[in-house]
Amino acid sequence: MPAIFFRATTSVSLIRSLPRQFPLGPRLGQAQVFCKSFSTPSVTSQTPPPPPPPPPHPELSRWRRALQALGRVTLITILTSGSVFYYITQKNRNPGPQLPFDPSKKNVVVVGSGWASTAFLKSLDTSDYNVTVISPRNFFLFTPLLPSVAVGTLATSSILQPIRYLTRHKDRKITVIEADAKSVDVTKTITFADETEVQGEVSSTTIPFDYLIYAVGAETQTFGIPGVKEHACFMKEIQDAEKFKRRFMDCVESAGFPGQREEEIERLLHMVVVGGGPTGIEVSGELHDFLEDDLTFWYPELSSKIKITLIEALPSVLSMFSRELIDYTVSTFKESKIDILTGTMVKEIKEKSVVLQMPDKSIKEVPVGLVVWAGGNKARAVSVDLMSRLPDAQKNKRGITVDGNATFPSSRTLSNVIDLYVKDHLRMAGTDGTIFALGDCTSTQYAPTAQVASQQGAYIARLFKQLAKRDALLEQISISKQEGTSTESLEKQLAKLENLRPFHYSHQGSLAYIGSEKAIADLEFLHHKFSSGGVATFLFWRSAYLSTLFSLRNRVLVATDWLKVKLFGRDLVRD
């Protein structure tokens, strides 16, 4: 029975699988196409051939490969430098914890916040001492760029560095007091007072010290000439630069007032700079750049009438530079139409004129609108008072005498140990060796420059490190003697530490900007002197000052100001 059923089923399947017979006609072709379109491929049909492989990429040229490598290196450099820059800025903005005041350490009082004091604080290991800073200003001023601030090339804040930006990054806490030093007693006390506009209940006090770093700087020397303090602008403090800019713009705006006489316009636009040193030369050069680069476009009716005159009492300007650089400066000033009067002395400065003694001894009164006094230095009142306390040792009226006549106690105790006297340790003559005088307040064989003061500050910091080691060794010797142990090796170490090396000044060269994007340089390298001047020296001058600035913050601000002036010009706003 199943076999019969299987055959019947198979027969039906075969009959159903036979193709139907369609009549032939004109629609045969369409039916065939339709069947072919919807018929599924059989298993036995051939698979399509694989697609051909893509053609090989053309080989990059050597130049293109180099550009790609350069791009990668540039990207990595930008990311790395940006990360480092961000890390440094955040580290400077967020100082860490500091060691507290240690009563067992000696107290060092630093008077002033100029080049010498700042270099000392920067190099000092504060873990060895308790340090107090007393200064009438709470910032450090980068004085070589002060003439650039006077004409608006740089912003005021760009060359100022708050002193706490330095002290807060030291190991031990440093006390900073904004006050004026009033008197120093050689018995190791100093009196100072708060003379700011806002004062508290206590505005004057006296504190003791074990060591005193006296670096108060100097005042501008007027030589007793009448009218200098009343009518001239100095160029020593940041307030002087701001005052100069205000008065200069006042002269220009007043000259443009309607109905002004021609003689009065010429007087208002006559600028006189007294002093042929680097400061006077740079003020004249910056003023010329301000005139040529900015005033010519914004004050075309007045710019051609502005006159700049440089007056020097000596036979030549820039006496510290070589003869060829002096001649180059003089020729550059002549091209810039800056008049130089050498061998000419100022006898009096009036409100609207300056009285001159010409080289032939004749007297001439010249109408002026503004006088810039870039003379020498003289001792401050607090320095004069200090020198008067030691009349036998301090006989030089120009400044404090260091070493030479210093006396030291013969007894050697742990609480008051003074090493044997060796010359050129920058100790104030006539004292017991605990007062160190640095910078412009002294009268030494060195020129009163920022370079000298900074090297003196760094030297005293190294000296204090040696003194701290000596004090620690003396304490060990005292303890060993109490315990009855041998001190022979300690005594040998002490003998080496007491041999203090004297100060040695290393002159790195002199720089000055002379205007028109030109500078001069007298440099020393491997005991050989090199002199140069021109645009290339100007670029070196800028790079040297950028590297000398005390912080990354100042470097960025100064470089940004130079770029802004190049793109947009100087600011003409009168504050």
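The values are calculated or read from the model by the stated rules, or taken from the named source; none is laboratory data. It should be emphasised that the depicted structure is a prediction, and the values quoted were computed from it without experimental measurement. All Cβ positions, even for glycine, are placed from backbone atoms using ideal geometry, and neighbour counts span all protein chains on display. The accessibility values were calculated without ligands, DNA or RNA, using every heavy atom of the protein model including side chains. Shrake-Rupley method; radii C 1.70, N 1.55, O 1.52, S 1.80 Å.
Can you work out which of the residues in the range 225-242 that are assigned to a loop (DSSP other than H, G, I, E, B) and hydrophobic (A, V, I, L, M, F, W, C) is farthest from ALA119 (Cα to Cα)?
If we take residues in the range 225-242 being assigned to a loop (DSSP other than H, G, I, E, B) and hydrophobic (A, V, I, L, M, F, W, C), then ILE225 is farthest from ALA119 (Cα to Cα).
Okay, residues lined up against (1) open to solvent by less than 10 Å² (accessible area, probe 1.4 Å); (2) touching a residue at least 12 places away in the same chain (Cβ under 8 Å); (3) part of a helix (DSSP H, G or I); (4) under 29 Å from THR118 (Cβ atoms):
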| site | (1), (2), (3), (4) |
| --- | --- |
| ALA512 | yes, yes, no, yes |
| ALA521 | yes, yes, no, yes |
| GLU524 | no, yes, no, yes |
| SER531 | no, yes, no, no |
| ALA536 | no, no, yes, no |
| LEU539 | no, no, yes, yes |
| ARG542 | no, yes, yes, yes |
| SER547 | no, no, yes, yes |
| ASN554 | yes, yes, yes, yes |
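Looking at SER516, SER478 in this structure, which one is within 30 Å of LYS334 (Cβ to Cβ) and surrounded by 12 or more Cβ atoms within 10 Å (Cβ to Cβ)?
SER516
Can you pull out the residues in the range 330-356 that are open to solvent by less than 60 Å² (accessible area, probe 1.4 Å), free of Cβ contacts under 8 Å to residues at least 40 places away in the same chain and in contact with a Ser or Thr (Cβ under 7 Å, 6 or more places away or on another chain)?
Matches in the range 330-356: LEU341 only.
Restricting attention to the range 490-501, report how many residues are open to solvent by less than 70 Å² (accessible area, probe 1.4 Å) and not acidic (Asp, Glu).
Adding up the residues that qualify gives 5.
Can you run down the residue pairs with Cβ atoms below 7 Å, 6 or more apart or on separate chains, where the first is in the range 295-318 and farther than 18 Å from GLN357 by Cα and without any contact (Cβ under 8 Å) to a residue 40 or more places away in the chain and the partner is crowded, with 19+ Cβ neighbours inside 10 Å and small (Gly, Ala, Ser)?
ILE308/SER284
Just one of GLU266, GLU282 is open to solvent by 10 Å² or more (accessible area, probe 1.4 Å), in contact with a Pro (Cβ under 6 Å, 6 or more places away or on another chain) and either among the hydrophobic types (A, V, I, L, M, F, W, C) or at pLDDT 95 or above (or both); which is it?
None of the others qualify; the one that does is GLU282.
Mind checking which helices (runs of 4 or more DSSP H) fall wholly inside the range 269-353 and carry at least 3 residues that are of a type in the set (D, E, K, R)?
278-290, 323-335
Would you check if VAL372 is part of a strand (DSSP E or B), open to solvent by less than 10 Å² (accessible area, probe 1.4 Å) and touching a Phe, Trp or Tyr at 6+ places or on another chain (Cβ under 8 Å)?
It is true that VAL372 is part of a strand (DSSP E or B), open to solvent by less than 10 Å² (accessible area, probe 1.4 Å) and touching a Phe, Trp or Tyr at 6+ places or on another chain (Cβ under 8 Å).
Test LEU291 against the criterion of being open to solvent by less than 10 Å² (accessible area, probe 1.4 Å) and closer than 20 Å to PRO147 by Cα, and give yes or no.
Spelling it out, it is not the case that LEU291 is open to solvent by less than 10 Å² (accessible area, probe 1.4 Å) and closer than 20 Å to PRO147 by Cα.
Kindly list, by first and then second residue, each pair from a residue in the range 477-498 that is closer than 19 Å to LYS465 by Cα to a residue that is of a type in the set (Gly, Ala, Ser) and open to solvent by less than 70 Å² (accessible area, probe 1.4 Å), limited to pairs with Cβ atoms under 7 Å and residues at least 6 apart or on different chains.
Pairs found: LEU490/SER480.
Kindly indicate the residue of the range 449-465 that is under 16 Å from ASP424 (Cα atoms) and not hydrophobic (A, V, I, L, M, F, W, C) and also most open to solvent (accessible area, probe 1.4 Å) among those meeting that condition.
Residue satisfying both the conditions and the ranking: ARG462.
Anything in the range 305-318 that is open to solvent by 40 Å² or more (accessible area, probe 1.4 Å) and in contact with a helix residue (DSSP H, G or I) (Cβ under 8 Å, 6 or more places away or on another chain)? List them, or say none.
LYS305, LYS307, listed by residue number.
Just give me the residues in the range 245-263 being in contact (Cβ under 8 Å) with a residue 40 or more places away in the chain and either of a type in the set (Val, Ile, Thr) or open to solvent by 60 Å² or more (accessible area, probe 1.4 Å) (or both), in sequence order.
Across the range 245-263, the qualifying residues are ARG246, ARG247, VAL252, GLU253, GLU263.
Of all residues being in a strand (DSSP E or B), open to solvent by 60 Å² or more (accessible area, probe 1.4 Å) and not hydroxyl-bearing (Ser, Thr, Tyr) in the range 168-224, which is nearest to GLU237 (Cα to Cα)? Just the residue, please.
GLU219
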